[in-house]
Every structure is written in C-alpha cells, then in structure tokens.
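What follows is a single structure, written as structure tokens, with notes after it.
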Amino acid sequence: MAFTPKSQVDGEDEASARLIAAAPALLEALEEIAEGKGRYSIDRLTHAFNTIEDMKALARIAIAKAKGI
C-alpha cells in the first residue's frame, strides 16, 4: 500500500465536496439546455446566440463552484 500525504487526501476531499455541492446547479443547467426551456425556446437565431452565451456563463459558474471560488 502506497503512502498518501494527509495534505493530498484533504485536498481530494475538499475537491470532492466542491463537486458534490456544485452537482445540483450542474444538473439544473443541463436540464434547462436539454429541454429547450426559457431562453432556449425562442426563434432559431436568438436561440443559438442565447445558448452559446448562456452555456459559457453556466460553465463558468459551475467551474467556479467546483473550484471553490
């Protein structure tokens, strides 16, 4: 069995906790996009623009939550 420094274990636990905490927001964002809700059900051109911009914003939010920022 290999030795794992406590600081590495603590860091992994913290990262796991952040991902678990971000999971509801990730699921909500993916469901909204997948189901074409809200801003995603407008005309095709607006839908495309909104989808791209919102996906980037949602990704930034999810990444920040996962990183604990």
Exercise for review: Identify the residue in segment 35-69 that is farther than 26 Å from Ala15 by Cβ and among the aliphatic types (A, V, I, L, M) and, among all such residues, is surrounded by the fewest Cβ atoms within 10 Å (Cβ to Cβ).
Suggested key: Leu45
Point to revise | Top-ranked residue in segment 21-34 [being open to solvent by 70 Å² or more (accessible area, probe 1.4 Å), without any contact (Cβ under 8 Å) to a residue 12 or more places away in the chain and aliphatic (A, V, I, L, M); ranked as nearest to Gly11 (Cα to Cα)] | key: Leu27
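The values are calculated or read from the model by the stated rules, or taken from the named source; none is laboratory data. Please read all numbers here as calculations on a predicted model, not as lab measurements. No Cβ is skipped: glycine too gets one built from the backbone with ideal geometry, and neighbour counts run over all protein chains shown. Accessible surface areas use protein heavy atoms only, side chains included; no ligands, DNA or RNA. Shrake-Rupley method; radii C 1.70, N 1.55, O 1.52, S 1.80 Å.
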